[in-house]
Amino acid sequence: MKFDRFFELAKKAGIEEAEFTFSSTSSLSFSLFHGEIDSYSNNKSYSFYARGIYKGKMGSIASDVYNNKMAEYFVEQIIANASVVENDDPVFIFKGSEKYRKINTFNRRLGNIPVEKKIEIAKQIEQELKNADPRIVEVATVAYDETSNSTTIINTHGLKLSQKSNFFAYYGSAVAKEKEQTKTGFELYFGNDFEKFVPTDLVKAIAKETVSQLGGFPCESSTYKAVLAPSVVSSLMSAYISSAIAEDVQKNSSLFIGKLGQKVASKKVTVEDLPINKTVFAKSFDDEGVATSNRAIIKNGVLQTYLYNLTTAAKDGVESTGNGVTSGSKVYTAPTYLKMRPGKKSQEELFKEIGNGVYITDVSGLHAGLNSRTGNFSLQSTGFLIKDGKIDHPLDIITVSGNLVKLFNSVSYVGNDSKEFMSGTNCPSVIVSKLVVSGK
């Protein structure tokens, strides 16, 4: 698709610099219930995002429809939006980076696999899950999602960038019952290489997650040594690393104000943003057209950098880190692919290391239960009691509380059991020396 008409009209209207971003997304999704497809969707959608600098202010417009007849409307909206901007933030249409890494993670074979085969595998998962354990009384759902995205950025500086990505996910949920106790478990597999997916492994993971919760009861309320599962580390790490976003630092609403080059975590903790690693999250450029690069955010406990887009970087007199993300009319900042560097100990060795304590497998309510300004949190949780270095029994109806700064400074060991999550994180288990657990 060409956008020459838009750029011609923008120039005539006095828009100093302009940019157009075009994205196309193909999506396939379906779910099963009792062997029948209960939802199905196979769609292709488009999004058009244009912005421009008019009298020193940035205006923008987003739409799911565009043609040459709409070019004039897009230009009018950019001018109208720019005219009501009241702040004096510096704005940019990016001229381009010196070098862009070529990252090809798009798997063409994924879209060529027949839908019938994908449905057949989902039915296989459902049937095997029903038979996986006699305590499983219901398969709540088995579902499949697949997305393919292509994005192109063009601007008046002659910059033209394109990138593609795709992935698929199978997931399922089961219900198990023992005596009067009922528990629900959920697990997911995602990637973009269909040949690497082993349905039986997903069945085992869902069944284990479901039945392992049965027989639980609360522990005594106390302060425990704790092993945090990779999913818990992922949730808490994402919340903690959000403090490295430069805009929050500039607004004095970050835990990392004035902390560059200082210790913000245990020396066991290294967290990196890895946008050019070969993952389904890989990006060679951000939404402003800035080249991405791998970088440590925290290295051996020391804060190495803040994360910037073009505007926040200009305010601090530094270069953008390639973390600009557009949403609506605003450019935000976010990491692309966060990875905590793993250690050498297995999860079983971590259990032996703490001897007696708790193993926390899930936390919920992070948005309501975390104060981002202080780092204090109180979260409903699930997990297991650890006794003599081994899992003892499930923990039911518990709450964990503490402070993110103190928690990440108390990490004494990092495991080697890294797991990748759909949130764009990759984390292992860790040991923290103190965690307040409220039970009975």
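The values are calculated or read from the model by the stated rules, or taken from the named source; none is laboratory data. Everything numeric in this text was worked out from a predicted model, so none of it was measured. As a convention, Cβ positions derive from the backbone with ideal geometry for all residues, glycine included, and neighbour counts pool all protein chains shown.
A few notes on this one:
- Screening K390 on (1) farther than 18 Å from T223 by Cβ; (2) touching a strand residue (DSSP E or B) at 6+ places or on another chain (Cβ under 9 Å); (3) touching a residue at least 24 places away in the same chain (Cβ under 8 Å) shows it passes everything except condition (2).
- Selected residue [in contact (Cβ under 8 Å) with a residue 24 or more places away in the chain, within 29 Å of Y332 (Cβ to Cβ) and under 26 Å from the mean Cα position of the chain (by Cα)] from S83, S63, S97: S97
- Residue within the range 74-94 that is touching a Lys or Arg at 6+ places or on another chain (Cβ under 6 Å), aromatic (F, W, Y) and either surrounded by 15 or more Cβ atoms within 10 Å (Cβ to Cβ) or not assigned by TED's automatic domain parsing to the domain that holds E17 (or both) present: no
- For the range 338-364, the candidate set comprises residues that are more than 22 Å from K267 (Cα to Cα), at pLDDT 95 or above and of a type in the set (S, T, N, Q); within that set, the residue that is surrounded by the most Cβ atoms within 10 Å (Cβ to Cβ) is T361.
- Within this structure, V137 passes the test of being over 26 Å from the mean Cα position of the chain (by Cα), in a strand (DSSP E or B) and aliphatic (A, V, I, L, M).
- Answer from G369, G357 - the residue that is closer than 17 Å to L435 by Cα, touching a residue at least 60 places away in the same chain (Cβ under 8 Å) and among the small types (G, A, S): G357
- Conditions (1) of a type in the set (D, E, K, R); (2) surrounded by 12 or more Cβ atoms within 10 Å (Cβ to Cβ); (3) without any contact (Cβ under 8 Å) to a residue 60 or more places away in the chain; number of the one not met by E36: (2)
- The numbered conditions (1) in a loop (DSSP other than H, G, I, E, B); (2) buried (at least 18 other Cβ atoms within 10 Å of the Cβ) are all true for F30 except (1).
- Summed over the range 198-228, residues that are surrounded by fewer than 14 Cβ atoms within 10 Å (Cβ to Cβ) and not in a helix (DSSP H, G or I) total 6.
Matching residues to (1) more than 25 Å from the chain's Cα centre (by Cα); (2) of a type outside the set (A, V, I, L, M); (3) under 21 Å from N403 (Cβ atoms):
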position: Y170; (1), (2), (3): no, yes, no
position: L202; (1), (2), (3): no, no, no
position: L214; (1), (2), (3): yes, no, no
position: E220; (1), (2), (3): yes, yes, no
position: V233; (1), (2), (3): no, no, yes
position: S253; (1), (2), (3): no, yes, yes
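- Flag for A282 being touching a residue at least 12 places away in the same chain (Cβ under 8 Å), touching an Asp or Glu at 6+ places or on another chain (Cβ under 9 Å) and not aromatic (F, W, Y): no
- For the range 122-134, a residue qualifies if it is part of a loop (DSSP other than H, G, I, E, B) and surrounded by fewer than 19 Cβ atoms within 10 Å (Cβ to Cβ), and the qualifying residues are N131, D133, P134.
- When V84 is tested against the conditions (1) hydrophobic (A, V, I, L, M, F, W, C); (2) more than 30 Å from E128 (Cβ to Cβ); (3) touching a strand residue (DSSP E or B) at 6+ places or on another chain (Cβ under 8 Å), the lone failure is (3).
- Count of residues meeting criterion [part of a loop (DSSP other than H, G, I, E, B), at pLDDT 95 or above and either under 28 Å from T156 (Cβ atoms) or hydrophobic (A, V, I, L, M, F, W, C) (or both)] in the range 303-337: 11
- Filtering the range 246-264 to residues that are touching a Phe, Trp or Tyr at 6+ places or on another chain (Cβ under 9 Å) and closer than 18 Å to M340 by Cβ leaves L255, F256, V264.
- Condition met for K267 (at negative phi, surrounded by fewer than 16 Cβ atoms within 10 Å (Cβ to Cβ) and at pLDDT 95 or above): yes
- Residue satisfying condition, being farther than 30 Å from S162 by Cα, surrounded by fewer than 21 Cβ atoms within 10 Å (Cβ to Cβ) and modelled with pLDDT of 95 or more, within set N277, N294, N300: N300
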